[in-house]
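The values are calculated or read from the model by the stated rules, or taken from the named source; none is laboratory data. Since we're looking at a predicted model, the values are computed, not measured. Every residue, glycine among them, receives a Cβ derived from its backbone with ideal geometry; neighbour counts consider all protein chains shown.
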Amino acid sequence: MVTIKAFTDLQQSRKLAEFLPLESADMYWYIAIKGNPKAMFNEVYNKYGDFEMPCWSLTALLELIPLYTLEQTTDGKVIVVSEIGQYSKCSEARDNPIDAAFEIVCWLIEQKHIKVNK
């Protein structure tokens with residue numbers, strides 16, 4: 001059974017939080033750790049000692065991609081295609097659009113087509 005995601009998972013969120021402005025995230029993971037001193041990366045601690053990790057919905061990810069199309073394959077998977085100048089980049093066929101958009105956003109960051117934090 002395919003899991004339908006509403007936003008980036010924790011691992012994807014951590015990777016994006018390294019590079020993207022946190023204001024581009026439109027959601028947060030809330031993880032109750034009850035004073036656990038182990039920090040992971042880029043967490044924002046609240047007054048209870050728990051942390052919040054920014055995460056991105058499909059809409060937020062697509063807003064980061066300059067020109068894109070979402071396509072569905074014959075087997076029901078999703079591809080995101082980004083047009084950058086004379087080039088286009090296709091994601092691998094994924095079970096959900098979040099993973100396909102995440103792949104393209106990471107590629108755009110690597111190619112320096114998206115402004116990063118640092």
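Between 49, 35, which is in contact with a Gly (Cβ under 6 Å, 6 or more places away or on another chain) and either modelled with pLDDT of 55 or more or crowded, with 16+ Cβ neighbours inside 10 Å (or both)?
Testing whether each residue is in contact with a Gly (Cβ under 6 Å, 6 or more places away or on another chain) and either modelled with pLDDT of 55 or more or crowded, with 16+ Cβ neighbours inside 10 Å (or both) leaves just 49.
Any residue at all in region 84-107 that's of a type in the set (A, V, I, L, M, F, W, C), surrounded by 18 or more Cβ atoms within 10 Å (Cβ to Cβ) and either in contact with a Cys (Cβ under 8 Å, 6 or more places away or on another chain) or part of a loop (DSSP other than H, G, I, E, B) (or both)?
Scanning region 84-107 turns up no residue that is of a type in the set (A, V, I, L, M, F, W, C), surrounded by 18 or more Cβ atoms within 10 Å (Cβ to Cβ) and either in contact with a Cys (Cβ under 8 Å, 6 or more places away or on another chain) or part of a loop (DSSP other than H, G, I, E, B) (or both).
Restricting the first residue to region 94-110 and requiring it to be within 11 Å of residue 16 (Cα to Cα), which pairs with a second residue that is assigned to a helix (DSSP H, G or I) and of a type in the set (S, T, N, Q) meet a Cβ separation below 8 Å and a spacing of at least six or different chains?
Here the result reads 102/12, each pair linking region 94-110 to a residue that is assigned to a helix (DSSP H, G or I) and of a type in the set (S, T, N, Q).
Identify the residue in region 59-100 that is among the polar types (S, T, N, Q) and more than 19 Å from residue 25 (Cβ to Cβ) and, among all such residues, is nearest to the chain's Cα centre (by Cα).
91
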